[in-house]
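Heads up: the structure comes next, in structure tokens.
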């Protein structure tokens, strides 16, 4: 919940800004003095002259958000609620029942595409293919997935009653606990009896270990080559990416980081690697750690890259908690490939084999219904591996 800052508190804030301006003068920080003074004056004029009532907390949040937005595409301000949600996102957690769903207009409901292992939905007896007809008595016929999510999250800490139709045609009401659920970002399977296919949704908390476990599982099943699918992967945390690349690469540089002062830090791998043919599938939403995975493996001659040009992001961010609430997610490092390539400067990573999806295939992929053997980008990766 947002804090209700009164005008008295806003007056105190103006005083703090004025004091900060004095400190800047004493410390020689004249570069920021006039900006600080202008913002203090802005707040003072609004506080004393604005004709209607206003929400001082909302005013401050909006000003901070606009300021961060002006910096670059990846820096942003979060209020208290956003910051709390971001913490869950970074931990690969969310408030829900442990399902991936897609709207099924033809069937008149919302279809369960996947259930999280040992999640609330799976424990309640729900499975992929089940059709949700209603939630807490509200028909799902005209409801979209966001509407369903809102109903479920409103029951957080309790239970949501879902009316479902199973694939055998039977219908029943099922009460499902709504709680914090771990969202496994990694899935995998063996294709054509010998190709290890691993899809990585993000590189947030736990993802690196999940990828390593999946590699070992598929090796035990007989995999002799691998396809890593990082389409729509927004990236994540440096340590999680490092775990994966360290397993896949021989001894050497994984990537380079440079800070504001120009100081360079090398992130390296050991001498143990996975010596098998590999391919990485990317698209226009592959970003940050995802595209760096593809670029680094290609520079080492370890993988062929298939799909579409990536986003082109070569900045890493750190989140700073702010006094009084909220946080600033700020770009503070530039990262380069082992060969020193800036993916932002070159406009993204161009695949070795360029292949896209048509409109219907894109829709099926987004909803989880595009099977690998019907996916042109997966098929192109298999062909590139000679599988």
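The values are calculated or read from the model by the stated rules, or taken from the named source; none is laboratory data. Keep in mind the model is a prediction, meaning the values are calculated, not measured. Here the Cβ positions follow ideal geometry from the backbone for every residue, glycine too, while neighbour counts run over all protein chains shown.
Considering 11, 96, 29, 87, which residue is surrounded by fewer than 17 Cβ atoms within 10 Å (Cβ to Cβ) and modelled with pLDDT of 85 or more?
On the way: 11 fails: modelled with pLDDT of 85 or more; 96 fails: surrounded by fewer than 17 Cβ atoms within 10 Å (Cβ to Cβ); 29 fails: modelled with pLDDT of 85 or more.
The conditions single out 87.
Apart from one condition, residue 236 fits all of (1) within 19 Å of the chain's Cα centre (by Cα); (2) modelled with pLDDT of 95 or more; the exception is (2).
For the structure I just gave you, tell me whether residue 306 is farther than 21 Å from residue 266 by Cα, crowded, with 16+ Cβ neighbours inside 10 Å and more than 18 Å from the chain's Cα centre (by Cα). Yes, satisfied.
Which members of segment 82-127 meet the condition of being in contact with a helix residue (DSSP H, G or I) (Cβ under 8 Å, 6 or more places away or on another chain), under 17 Å from residue 146 (Cα atoms) and assigned to a loop (DSSP other than H, G, I, E, B)?
97, 98 - these are the residues of segment 82-127 that are in contact with a helix residue (DSSP H, G or I) (Cβ under 8 Å, 6 or more places away or on another chain), under 17 Å from residue 146 (Cα atoms) and assigned to a loop (DSSP other than H, G, I, E, B).
Pairs meeting the criteria (first residue in segment 234-248 and not assigned by TED's automatic domain parsing to the domain that holds residue 266, second residue surrounded by fewer than 18 Cβ atoms within 10 Å (Cβ to Cβ) and part of a helix (DSSP H, G or I), beta carbons under 8 Å, at least 6 apart or on different chains) are lacking. If you check residue 143 against the conditions, is it modelled with pLDDT of 90 or more, closer than 19 Å to residue 204 by Cβ and outside the structural domain of residue 241 (by TED's automatic domain parsing)? Answer is no for this residue.
Residues checked against (1) part of a strand (DSSP E or B); (2) surrounded by fewer than 20 Cβ atoms within 10 Å (Cβ to Cβ):
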site: 147; (1), (2): no, yes
site: 153; (1), (2): no, yes
site: 189; (1), (2): yes, yes
site: 210; (1), (2): no, no
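May I ask you to verify whether residue 244 is over 16 Å from the mean Cα position of the chain (by Cα), in a strand (DSSP E or B) and under 20 Å from residue 210 (Cα atoms)? For residue 244, the condition - over 16 Å from the mean Cα position of the chain (by Cα), in a strand (DSSP E or B) and under 20 Å from residue 210 (Cα atoms) - is not met. Is it the case that residue 270 is assigned by TED's automatic domain parsing to the domain that holds residue 212 and under 21 Å from residue 206 (Cα atoms)? Spelling it out, residue 270 is indeed assigned by TED's automatic domain parsing to the domain that holds residue 212 and under 21 Å from residue 206 (Cα atoms).
Here segment 254-268 is the region considered, the condition is being over 15 Å from residue 314 (Cα atoms) and more than 25 Å from the chain's Cα centre (by Cα), and the residue that is surrounded by the most Cβ atoms within 10 Å (Cβ to Cβ) is 263. Across segment 69-81, not a single residue is classified as at pLDDT below 85, in contact with a helix residue (DSSP H, G or I) (Cβ under 6 Å, 6 or more places away or on another chain) and crowded, with 17+ Cβ neighbours inside 10 Å. Only a single criterion out of (1) surrounded by fewer than 17 Cβ atoms within 10 Å (Cβ to Cβ); (2) in contact with a strand residue (DSSP E or B) (Cβ under 6 Å, 6 or more places away or on another chain); (3) under 11 Å from residue 279 (Cβ atoms) is not satisfied by residue 367, namely (3).
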